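The values are calculated or read from the model by the stated rules, or taken from the named source; none is laboratory data. Model, not experiment: these values are computed from the prediction. Using ideal geometry, Cβ is built from the backbone for each residue, glycine included, and neighbour counts are taken over all protein chains shown.
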Amino acid sequence: MAAAAAALGLRVAREGFADRAYEPDGTLRSRRLAGALHTDPRDAAAQALALARDGGVRAFDVTLVRLEVDTICVHGDTPNAPAIVRAVRDALGGAGIDVRPFALAPSRSAHRTPSVE
């Protein structure tokens, strides 16, 4: 879907989730199933770092799932959400990963002008 939107010139942001578990196929684990949420700030921060730095996460069954993401989401209704956000921000910043609002991020539009160096 991201490629189709970018091909139309739309700005695209692929979202990853620090506070949700993934299935081996890259989908989110249903909230109705055990282990669907990462409520420990350390676990969520580790997953955010894996998404941002390594391009993937370990699924619920520990399968490596490759995911390309541009943004990291923490759901406000997840237990410990404020602590999770702080831990995620600290982990990303500590790893030298720039944390900024999406509005300030470079565009991923298919029709952008290539940069020349």
Subject >> Tally of residues being surrounded by fewer than 17 Cβ atoms within 10 Å (Cβ to Cβ) and β-branched (V, I, T) across region 4-59 >> reply: 2
**OP:** Determine, yes or no, whether I97 is surrounded by fewer than 16 Cβ atoms within 10 Å (Cβ to Cβ), in contact with a helix residue (DSSP H, G or I) (Cβ under 8 Å, 6 or more places away or on another chain) and closer than 30 Å to L8 by Cα.
**Re:** yes
Subject >> Residue identified as in contact with a Lys or Arg (Cβ under 9 Å, 6 or more places away or on another chain) and either at pLDDT below 95 or of a type in the set (G, A, S) (or both) among R100, R29, R20, R11 >> reply: R11
